[in-house]
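To keep things clear, I will list the structure first and then write my remarks on it.
The values are calculated or read from the model by the stated rules, or taken from the named source; none is laboratory data. Model, not experiment: these values are computed from the prediction. Here the Cβ positions follow ideal geometry from the backbone for every residue, glycine too, while neighbour counts run over all protein chains shown. Keep in mind that these areas ignore ligands, DNA and RNA; they rest on the heavy atoms of the full protein, side chains included. Shrake-Rupley method; radii C 1.70, N 1.55, O 1.52, S 1.80 Å.
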Amino acid sequence: WSDVVAVELGAGIGLCSVVSSRLGMKVIATDGDESVLSQLAANAARNSSGAGKLQPALLKWGDDSTPLEDELEAMSSNGANGGDGALPGLVMATGCVYGRDAGVWAALAKTLAQLSGPNTVIIL
């Protein structure tokens with residue numbers, strides 16, 4: 001997993017992102033709730049020492065823009081990301097969607113499609 005560029009969707013406090021960065025991944029930990037990002041950033045600063053890198057970022061699912069374009073380009077500049085160009089090698093999401101709101105699920109599916117290439121591994 002060393003040098004794999006990963007994106008965590010709905011990171012919350014960032015537990016999966018912290019562990020992944022400690023395994024050597026370059027992780028963009030995202031959440032759509034701006035109030036959560038300050039805690040996510042604090043946890044990243046306190047706990048991400050290790051071989052990888054951890055960067056918090058705001059991400060609203062379902063937007064028409066290219067999500068995380070600048071962040072992914074910066075993380076994958078060495079070409080060893082396991083994905084395709086500026087796409088992540090891994091996208092992960094754990095416990096980030098609750099309920100049956102079809103709009104939320106559609107937005108998540110759209111964002112997964114935007115962030116994925118033929119070599120991207122998705123873990124839900």
Going through region 67-110 in order, the residues found to be among the β-branched types (Val, Ile, Thr) and either open to solvent by 20 Å² or more (accessible area, probe 1.4 Å) or modelled with pLDDT under 95 (or both) are THR94, VAL97, VAL104
Considering residues that are under 10 Å from GLY14 (Cα atoms) and of a type outside the set (S, T, N, Q), the number found within region 43-59 is 3
Filtering region 1-58 for residues that are among the acidic types (Asp, Glu) and open to solvent by 30 Å² or more (accessible area, probe 1.4 Å) leaves a count of 3
In region 19-36, anything polar (S, T, N, Q) and in contact with a Ser or Thr (Cβ under 7 Å, 6 or more places away or on another chain) is listed as SER21
(1) within 26 Å of SER2 (Cβ to Cβ); (2) modelled with pLDDT under 90 all hold for LEU115 apart from (2)
